[in-house]
1. Do we find that Ala39 is at pLDDT below 90 and among the aliphatic types (A, V, I, L, M) in this structure?
2. Please specify each residue of segment 14-32 satisfying the condition of being acidic (Asp, Glu), more than 11 Å from the chain's Cα centre (by Cα) and modelled with pLDDT under 95.
3. Does Ser11 count as in contact with a Phe, Trp or Tyr (Cβ under 9 Å, 6 or more places away or on another chain), modelled with pLDDT under 90 and polar (S, T, N, Q)?
4. Taking only segment 17-39 into account, find how many residues are not hydroxyl-bearing (Ser, Thr, Tyr) and not in a helix (DSSP H, G or I).
Amino acid sequence: MTARILVGTCSWTDRTLIESGAFYPREVTTPAERLRFYAQSFP
């Protein structure tokens with residue numbers, strides 16, 4: 001039996017995630033760019 005793992009895009013706009021500089025590259029600055037980057041990280 002195999003298990004399914006579901007990944008979503010919850011909290012991609014969380015201020016601490018954005019301000020930490022640990023996840024998004026420095027050149028990703030707009031909400032659209034952040035969502036695109038986030039979505040590519042979890043295909």
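The values are calculated or read from the model by the stated rules, or taken from the named source; none is laboratory data. Given the structure is predicted, the values throughout are model-derived calculations rather than measurements. Quick reminder, even Gly has a Cβ in these numbers, built from the backbone with ideal geometry, and neighbours come from all protein chains shown.
1. Numbers: at pLDDT below 90: yes; among the aliphatic types (A, V, I, L, M): yes.
Answer is yes for this residue.
2. Scanning segment 14-32 gives a single hit, Glu19.
3. Taking the combined requirement at face value, the residue does not satisfy it.
4. Residues in segment 17-39 being not hydroxyl-bearing (Ser, Thr, Tyr) and not in a helix (DSSP H, G or I): 7 in total.
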